[in-house]
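Step one of this worksheet: look at the structure below.
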Amino acid sequence: MIHRNTMIATPEVLYLADDRSCKRIDPDTGEVRDEIVIPEGTGDGRVWKWMALEDGVLYALIGGPEIPIATQRSQTPGMGHWPWGMWAGHDYKDPKTNFGFGRTFVAVDPKTKKVLWSHQEEEYLDSRGVCMKGGRIYFYAPEKLLGCLDVKKREVLWKTSASDVLGAIGPNGRAQLWVTGYSTTTYVKCNDKYVFFAGPQRSKLVVVSAEDGKLAWQKEGGNYQLVLRDDGFYAAGPLQRSSRPTKTGPGFKLAYATGAVLAPLSVPGRRACTRATGSIDSIFFRAPGGTVRIDTASGRAQHISPMRPPCPDGVII
């Protein structure tokens, strides 16, 4: 499960969760100091699906056992190759056993390892569609609902199944193609004002108000890699070389409130499915023959020719 969001690095400890517990690892030595185990009888199981750390509290989505992972042998001699088949589990057919699906949020004190509280949803939530900002967890059950959980009040602030919202987000696409990406890729990001839907499974770029869950705006073509910044957000789109054409353009810097194009990305487009990433002064993504660095102050693109970042991760500084 290459995209599961269950690793958090802090200066003091590395949190790494799996299907049994969350390990607390010494960042200097790699030694496992201890582990946090979800008490038996909490929700549907002890498998960690997603987690976040905010104000000293660890939050997690947990659930039951998933389809087991099997080694995929390469049929390509020499360098090998990442196969693009729709393997068991990557088709997301059953929410009870899908990768990263769960129905229970827990808040944990990482010092005492005690569960402070839990919240149960009736629908199965997709951890690819869960994110957190400013004391709020935003969660999505595909084609069912979008909601917001306030962790301070310990209550759901809003929940929507409005047809315009769910219709814009649409069903999860198949993905599993080199130009679109992996079906396991996360497709939600957020800030204090908006929740963003984009990725290889999406047919549209959709922006929803974080305040009340109402649709803010949408844009045709959803296979964008997003990087959020204070002055706007960058949406890096793929090259148009696929036998499966998309409506996604090469990419833009967009205004949060309206989706207005603040600037086009003056580069040929993101190469294949590699993640776009950012730093304090740069946006990075893979391009033909290497990597592009966009200097955010000038908007200029620079070519880093010998370096190709790994597809699931993108450029890591």
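The number of residues in the stretch 233-263 that are at pLDDT below 85 and among the β-branched types (V, I, T) comes to 2. On the basis of being open to solvent by 40 Å² or more (accessible area, probe 1.4 Å) and closer than 30 Å to D212 by Cα, does G134 make the cut? In short, yes.
Filter the stretch 43-61 for residues that are part of a strand (DSSP E or B) and under 17 Å from R154 (Cα atoms) and give the result. Passing the criteria: M51, A52, L53, E54, V57, L58, Y59, A60, L61.
For the stretch 185-197, the set of residues classified as touching a strand residue (DSSP E or B) at 6+ places or on another chain (Cβ under 8 Å) and either at pLDDT below 95 or open to solvent by 10 Å² or more (accessible area, probe 1.4 Å) (or both) consists of T186, V188, K189, C190, N191, D192, K193, Y194, listed by residue number.
The condition (being crowded, with 20+ Cβ neighbours inside 10 Å, of a type outside the set (F, W, Y), under 26 Å from G314 (Cα atoms) and in contact with a Cys (Cβ under 7 Å, 6 or more places away or on another chain)) is satisfied by just one residue among G181, G100, G129: G181.
Of all residue pairs spaced 6 or more apart or on separate chains, none has beta-carbon atoms under 7 Å together with a first member in the stretch 67-84 that is assigned to a loop (DSSP other than H, G, I, E, B) and a second member that is at pLDDT below 75 and among the aromatic types (F, W, Y).
Among the candidates A17, A60, A9, which residue alone is open to solvent by 50 Å² or more (accessible area, probe 1.4 Å), closer than 30 Å to Q120 by Cβ and in contact with a strand residue (DSSP E or B) (Cβ under 9 Å, 6 or more places away or on another chain)? Every option except A9 fails the conditions.
In the set C148, C131, only one residue is at pLDDT 95 or above and either β-branched (V, I, T) or more than 18 Å from T184 (Cβ to Cβ) (or both); that residue is C148. Take V206 and tell me if it is surrounded by 20 or more Cβ atoms within 10 Å (Cβ to Cβ), modelled with pLDDT of 95 or more and over 23 Å from W87 (Cβ atoms). Yes; evaluated as a whole, the condition is true for this residue.
G251 fulfils the conditions (1) over 27 Å from C148 (Cβ atoms); (2) surrounded by fewer than 20 Cβ atoms within 10 Å (Cβ to Cβ) except for a single criterion, (2). When only residues in the stretch 272-282 that are over 19 Å from F196 (Cα atoms) and within 19 Å of the chain's Cα centre (by Cα) count, which is modelled with the highest pLDDT? Here the residue is S279. If you go through the stretch 32-42 and keep only what is β-branched (V, I, T), surrounded by fewer than 16 Cβ atoms within 10 Å (Cβ to Cβ) and either part of a strand (DSSP E or B) or in contact with a Cys (Cβ under 7 Å, 6 or more places away or on another chain) (or both), you end up with just V32. When you look at T29, is it over 28 Å from C273 (Cα atoms), open to solvent by 60 Å² or more (accessible area, probe 1.4 Å) and either of a type in the set (S, T, Y) or modelled with pLDDT under 95 (or both), yes or no? Here the answer is yes, as T29 does meet what is asked.
Each residue in the stretch 274-307 was checked for being in a loop (DSSP other than H, G, I, E, B), in contact with a strand residue (DSSP E or B) (Cβ under 6 Å, 6 or more places away or on another chain) and not polar (S, T, N, Q), and 4 pass. Does G89 qualify as being surrounded by 14 or more Cβ atoms within 10 Å (Cβ to Cβ), in contact with an Asp or Glu (Cβ under 9 Å, 6 or more places away or on another chain) and assigned to a strand (DSSP E or B)? For G89, the condition - surrounded by 14 or more Cβ atoms within 10 Å (Cβ to Cβ), in contact with an Asp or Glu (Cβ under 9 Å, 6 or more places away or on another chain) and assigned to a strand (DSSP E or B) - is not met.
The values are calculated or read from the model by the stated rules, or taken from the named source; none is laboratory data. Computed from a predicted structure; not experimentally measured. For neighbour counting, all protein chains shown are included, and Cβ atoms are generated from backbone atoms with ideal geometry for every residue, glycine included. We work out accessible area using only protein heavy atoms, side chains counted, and drop any ligands, DNA or RNA first. Shrake-Rupley method; radii C 1.70, N 1.55, O 1.52, S 1.80 Å.
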